[in-house]
Structures are given as C-alpha cells and as structure tokens.
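Read the structure below first, then the notes.
Throughout, read-outs are computed from the coordinates displayed, never taken from laboratory work. It should be emphasised that the depicted structure is a prediction, and the values quoted were computed from it without experimental measurement. Cβ placement follows ideal geometry from the backbone for every residue including glycine, while neighbour counts extend to all protein chains displayed.
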Amino acid sequence: MIYPREVQDRQDLSQVVRRHLGSEGESRIPAEQDLVLVAILNRPRDLEIARTLGWYRIPLGTAPRTVRVDWLAFYLPSAFGEQRWSVRYLAEVRGIELLTRRELLYLEADHPRAAHPYYKLQLGPLLELDPPIPSRGWRRFSFLYTTGDRLYTAVDLTQLRVPPSRARERLWRMLRERTGFVPVGV
C-alpha cells in the first residue's frame, strides 16, 4: 500500500500494535479489510472495564445498525484530560451478548436504566495506538464505521471516514451482509 505524503511520518500501525502485544501474538492485528466500529468511551471507568474485564457496553436503544464488527476502536472525549479528543485504543471483538444493565453493572442495580437491554461486546486485549489518531478539535458523534486500512493511514479523526469510493462500497457491503439487509427487488 502506498501512503499519502502526510502519513509518511506515522509509523506502520501493524508494527505499533505488535509492540503492545508482548510475546508472539496474544491477539491479532486489524487486517485492511476488517470492519472497525469507533465508539466513545465516556468515562475513564469505561476504559478500565474494557482493559481489565474485557468488555464494552452499548445501549440497545442507541446502538448503531450493527455491532457485528471485527474491531472496536475507542475515541476519548474531554473526560480524559490530556488524552482527550483522540482514538487511542482498539480491541478485537470476540463475542456479543444481550444483557440488561443490571446484569452488566450489578453494583448499580438501582440505576434508572437498570432494566434496559445492552449489547455486551466481549473484547480481546486492549491495544494502544502509538501515535494515537487525534481530532483537531471536539467532535460530536456516537459511532463511526471504518476499515482496518483507514486505521493504518489516518492522521486525524476525520480521515477515518471512508470517502465515496470502492472502499466505501466495500464498507457498506460488509455492513449489509452483517445486518442481513437485503435491498428491495433483489
């Protein structure tokens, strides 16, 4: 793959990720065609849950079209201080369950949304991107689909978006296949 001029300073992500794996392959690295969901980690506590317990939760009512993705990348908002406004971590998605919030966070049994359903995405080891993918400023979004190759080349959050191209057609085809969506007349 030939990288754009602005990316030449960024290290190859595969080498960056391998550095964080330690010994030979505790986890794999994203392939260029892998489907990646960029999600927001609202609080540092959510990062610790992902790191130590190996899962991430998404309320069913606000979930994206599909959570059947290969990788989950995490965008850190202002609650993360100096690390804010960047994609710093990613993890392989190894399974999906549907549970209530009460089942996920049993210490919050009295929470107003305790009975609401949530996706529990079971994760592989949390990998740190070095350097992270920054946002040049605050961005409002809930979820963003991208591909492994965009993670390899992005130097800014806006470059994770797949522009109209064959790559975008491939991304939408993957999403349709994973949601079971069949266009009318086909």
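Label positions at Asp130 and Ala114, each projected 7 Å from the Cα along the C-beta direction, are separated by 4.3 nm.
For the stretch 64-111 versus the stretch 115-129, the spacing of their alpha-carbon centroids is 5 Å. Taking label points 7 Å from Cα along the Cα-to-Cβ direction, Thr62 and Arg168 give a separation of 2.7 nm. Taking amide H as placed 1.01 Å from N in the peptide plane, the amide H of Tyr118 sits under 5 Å from that of Leu60, Leu99, Thr100, Arg101, each at least 5 places away or on another chain. Between Arg161 and Arg178, residue separation times 0.36 nm minus the direct Cα-Cα distance comes to 4.2 nm.
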